[in-house]
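Every number here is computed from the coordinates shown, using simple stated rules; none is lab data. Bear in mind the structure is a predicted one, so any value in this text is a computation, not a measurement. Ideal geometry is used to build each Cβ from the backbone, glycine not excepted, and the neighbour counts take in all protein chains shown.
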Amino acid sequence: MSNNPHSVKNGNGSLRKHTISVLVENKPGVLARVSSLFARRGFNIASLAVSSTEDSEISRMTIVTQGDEGHLEQVIKQLNKLIDVITILDHTEDDLISREVALVKVHATVDNRSEIMQLATVFRGEVVSLSPREETMILEVTGEEDKIEAFLESLSKFKVIEMVRTGKIALVRGKRMT
Amino acid sequence: MNGAEAVVESLKREGVKHIFGISGGAALPLYDALVQPTAKDITNILVRHEQAAAHMAEGYARSSGRVGVCIATSGPGATNLVTGIADSVLDSTPLVAITGQVATRVIGTDAFQESDIIGITMPIVKHSFQPRSPDEIPWMIKAAFHIASTGRPGPVLVDMPKDISEAKLKEFIYPEEVHLRGYKVTREAASADIEKAAELVDKAKKPLLYVGGGLVSTDAHNELLALVDKIEAPVTTTLMGRGAFPDSHPMCLNMLGMHGTAYANWAVRDCDLLIALGVRFDDRVTGNLARFAPNAKVIHVEIDPAEIHKNRYAEVAIQADAKDALKKLHDAVKPAKHPEWRQQVLQWKEEQPLRYKKDGTLKPQYILQELADITRGEAILTTDVGQHQMWAAQYYPFNRPRQFLTSGGLGTMGFGLPAALGAKFANPDQEVWLVSGDGSFQMHLQELATSMIYQKPVKIALFNNQHLGMVKQWQDMFYGERYSGVQLKNVPNFKKLAEAYGAVGITVNKPEEVRPAMEKAREVDDRTVLIDFHYDPKEHVYPMIPSGMSVDEMRLQPDE
Ligand SMILES: Cc1cc2nc3c(=O)[nH]c(=O)nc-3n(C[C@H](O)[C@H](O)[C@H](O)COP(=O)(O)OP(=O)(O)OC[C@H]3O[C@@H](n4cnc5c(N)ncnc54)[C@H](O)[C@@H]3O)c2cc1C
Ligand SMILES: Cc1ncc(C[n+]2csc(CCOP(=O)(O)OP(=O)(O)O)c2C)c(N)n1
């Protein structure tokens, strides 16, 4: 809710998910500075992936944060104040190729094993481990967030033992840099 | 040359003349470097508490415009600096804090006096460094001063592991400049923004300037005066902006906000254009944001992009150094007169001036009026936090920037005495007065020793109401006079306390004793003087806009 009709920060914009790429100095403590900033300012992190880049001195953080335009503006401006942050790109309007990976360990008996495998095939997933004696199976699926969600949803009728999922990584299609 | 000597050599290159601190195990190499003959240009000031070292460095910085430097050992020394660092980040003060750290090979092992000061201070510094090789030191110190003093000023921490302090450098090369690809400062105002701003200024019927700490830190008072005289607009300053515009100017409306003047707050309510210069729309200023300057468009001149649109949307945002923006804006606007608006504002000033009840007893406001008179409004004034701070801001006439040093953003009790001493180190020829409260003063009174030993005499006006007055005022007004933890009970005897340190102590109970006591204090120039003023704890600060409310709920001094 807005307590000030003028304020951008409190504007009643929609709570969209925004993906931003943050290029940072590849130095010790940088992740701590970024996460400390999110904690202190009360910004949420829906997903975070840190990786090396083509330049060994630079790391990339791909961050998904949820909030209105004012929230996003503050996230970007406050991140920009960190000395170790080199550039930030807001991908809200970009044509993005994005991926997440999920690994799911399910209880798989002789009876339902093939059904589970079929399901994985539908999502172009793979069975990466199978332990018939312990009746477990690990599935891997890669894709955009929606696909992972749908996959997990359809697995929910089986007994999921444990699950792990990466943060989102993304690149902008075409010549524009990410 | 070892790492510690490289630190000291780098400080010299930065023109540092004074550093404030306390030594200890991990800082021994640094302190040893400070007694080398090559370090003779740097005065190493031994204080009595590291927090006071940080506040002294702040007082030094704010009164002079130079970067303040403080130093502490690892562990408790470093953690004692934390409040001072937090104070300087909220009040945008350029500070370099140097801490000792345990040796790199034992970092992370809970070694003796190890504390992760980089981690602890991460949310309250502009940046921090910890060299992993002595050869990084010259570059890091250069970068620390560059970051602390440019853009929006702030604190930078340099944490020095003991083994790095002791290790030899290959070669000491001090960089001419540093390039940080993640740190860029825009100083110049874009001409398109200036044009848009000038258009709004030319159209405005009731313009008001709202001026703050950013204007002080860039020393743009002359540019401000020129603009004000060209467009004939009234000016109100924040607590941090006091002195940026002279109180003696007829268009000066004193402070706005919670304890601002009625006429400043009314001008904010009625203005149709608010020209905000180096201010951050703090909640002590705006109260309820929705009802702050409800009829105004906003031009916001601000060096930190993150402040723009943070609390209040600005129709025109000029992201630049206020000094540059003011010069350009001055050239771009048409000369203007606003006779009706001017008339209105002057009438408010006359109708509802700052006032207090005169009943023959000693009043805190009267003490400040006398102080203003006897010092001709020319002293550097520092304060602590509470009622006395608000009265000082309201009643002392400030006519130049860097004259009023106070803890605004963090509101740190105990800031005042060390800040006064820092100001005296930076301005030994100026008269420095501390306006303190009996609560706040007891948080850093140990620094009386520092004032005596380094012969930096300051004058202390102790506003003694035997209470944590500001908190008591809130308990009076909003908690049904249920006093909880606010009675200080008239302990200690401050006159004797001052004397114990070799300072002069004077006790004042009646209005007629004020002037002679101040005269006596001003005659003493070789020692610090403390005047203990006793007055009625019932006195409240007015006007007051209760927290989160607006000018419509402003409470004025009751007439009775
Ligand atoms: C008990 C108590 C009561 C208080 N009551 C009041 C009150 O009634 N009224 C009041 O005003 N305050 C009051 N305060 C102080 C208040 O909390 C804030 O500290 C103060 O209002 C902030 O002042 P400012 O907006 O000038 O910003 P500052 O904190 O001084 O910040 C300066 C701003 O200028 C920017 N800046 C810096 N350099 C430049 C440059 N070169 N060019 C352009 N911009 C620059 C900075 O980025 C920053 O945004 C009170 C404090 C206490 C402890
Ligand atoms: C370090 C610290 N602790 C607590 C507070 C909360 N506080 C604000 S004003 C105040 C009372 C200050 O009393 P005093 O210094 O005697 O000044 P007075 O208000 O009486 O003028 C207190 C406790 C604070 N600002 N700082």
For the protein assembly as shown, the Debye formula with one identical point scatterer on each Cα and no solvent gives log10 I(q)/I(0) at q = 0.06, 0.09 Å⁻¹ as -0.43, -0.90
For B:Lys358, the lysines lying under 29 Å Cα to Cα, once residues fewer than eight places off in the same chain are dropped, come out as B:Lys349, B:Lys459, B:Lys472, B:Lys489, B:Lys495, B:Lys510, B:Lys520, B:Lys538
Among A:Lys168/B:Lys162; A:Lys168/B:Lys310; B:Lys184/B:Lys456, the pairs whose Cα-Cα distance exceeds 31 Å are A:Lys168/B:Lys162; B:Lys184/B:Lys456
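Give me the Å³ per residue figure for the convex hull around the C-alpha atoms of the range B:478-560. Each step should come with its number before you reach the end.
Details: hull volume 14.7 nm³, N = 83.
So the per-residue Cα hull volume is 177 Å³.
Determine the shape class of the range B:191-351: with a ≥ b ≥ c the square roots of the Cα gyration tensor eigenvalues, call it rounded for a/c under 1.5, and otherwise prolate if a/b is greater than b/c, oblate otherwise. Intermediate values should be presented prior to the final figure.
Working: a/c = 1.31, a/b = 1.12, b/c = 1.17.
Rounded, since a/c falls under 1.5.
Neighbouring Cβ atoms within 10 Å as the yardstick, rank B:Ile173, A:Ile148, A:Ile138, A:Ile58 fewest first.
Details: B:Ile173 10, A:Ile148 22, A:Ile138 18, A:Ile58 15.
Least crowded to most crowded, the residues run B:Ile173, A:Ile58, A:Ile138, A:Ile148.
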Using the Kirkwood formula on alpha carbons, the hydrodynamic radius of the range B:364-541 in angstrom works out to 16.1 Å
Kirkwood Rh over alpha-carbon pairs of the range B:292-433 plugged into Stokes-Einstein at 10 °C, 1.306 mPa s gives a D in µm²/s of 85 µm²/s
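Which of rounded, prolate, oblate describes the range B:94-161, given a ≥ b ≥ c as roots of the alpha-carbon gyration tensor eigenvalues and a/c under 1.5 marking rounded, otherwise prolate only if a/b is larger than b/c? Let's see the in-between values first.
Details: a/c = 3.11, a/b = 1.58, b/c = 1.96.
Oblate.
Using the number of other C-beta atoms within 10 angstrom as an exposure proxy, rank B:Trp139, B:Trp341 with the fewest first. Don't skip to the end; give the middle numbers.
Numbers: B:Trp139 16, B:Trp341 21.
In order of increasing Cβ crowding within 10 Å: B:Trp139, B:Trp341.
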Once both label points are put 7 Å beyond Cα along the C-beta direction, the B:Gln347-A:Val128 separation in nm becomes 7.8 nm
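Report the FRET efficiency, 1/(1 + (r/R0)^6), for A:Ser35 and B:His179, where r is their Cβ-Cβ distance and R0 is 25 Å, rounded to 0.05.
0.40
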In terms of the alpha carbon gyration tensor, root eigenvalues a ≥ b ≥ c, rounded if a/c is under 1.5 and otherwise prolate when a/b exceeds b/c or oblate, the range A:97-172 is prolate
Rg from C-alpha atoms of chain B, normalised by the globular rule of thumb 2.2 N^0.38 Å, equals 0.99
Label model pair A:Thr87, B:Arg132: point-to-point distance (7 angstrom along the Cα→beta-carbon line) in nm is 2.6 nm
Averaged over the residues of B:308-314, the number of partner chain Cβ atoms within 10 Å of each residue's own Cβ comes to 6
For chain A, longest principal axis from Cα atoms; helix A:113-122 axis from its Cα atoms; angle between them, nearest 10 degrees, is 40 degrees
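Tell me the Kirkwood radius of the range B:3-166: reciprocal of the mean inverse pair distance over distinct alpha-carbon atoms, in Å.
So the Kirkwood estimate lands at 15.0 Å.
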One would report the antiparallel percent of DSSP beta bridges in chain B, rounded to the nearest 5, as 5 percent
Simple spin-label estimate for B:Asp229/B:His249, 7 Å along Cα→Cβ, in nm, reads 1.0 nm
Looking only at aspartates and glutamates whose Cα falls under 19 Å of B:Lys363's and that sit 8 or more positions away or on another chain, we get B:Asp373, B:Asp384, B:Asp438, B:Asp476, B:Glu512, B:Glu513, B:Glu519, B:Asp532, B:Asp536, B:Glu539, B:Asp559, B:Glu560
Over the Cα atoms of chain A the radius of gyration and the largest Cα-Cα distance (Dmax), both in Å, equal 19.7, 64
Expected sort for A:Phe123, B:Phe404, B:Phe172 with the fewest Cβ neighbours (10 Å cutoff) up front is B:Phe172, A:Phe123, B:Phe404
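What Kirkwood Rh does the range A:5-93 have if only Cα atoms enter the pairwise 1/r average? Answer in Å.
Numbers: mean 1/r = 0.0746 Å⁻¹.
Taking the inverse mean of 1/r over all distinct Cα pairs, the range A:5-93 comes out at 13.4 Å.
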Here the alpha-carbon Rg of the range B:37-117 over 2.2 N^0.38 Å rounds to 1.18
Stretched fully, the stretch from B:Arg522 through B:Lys17 gains (0.36 nm per residue minus C-alpha distance, one decimal, in nm) 179.0 nm
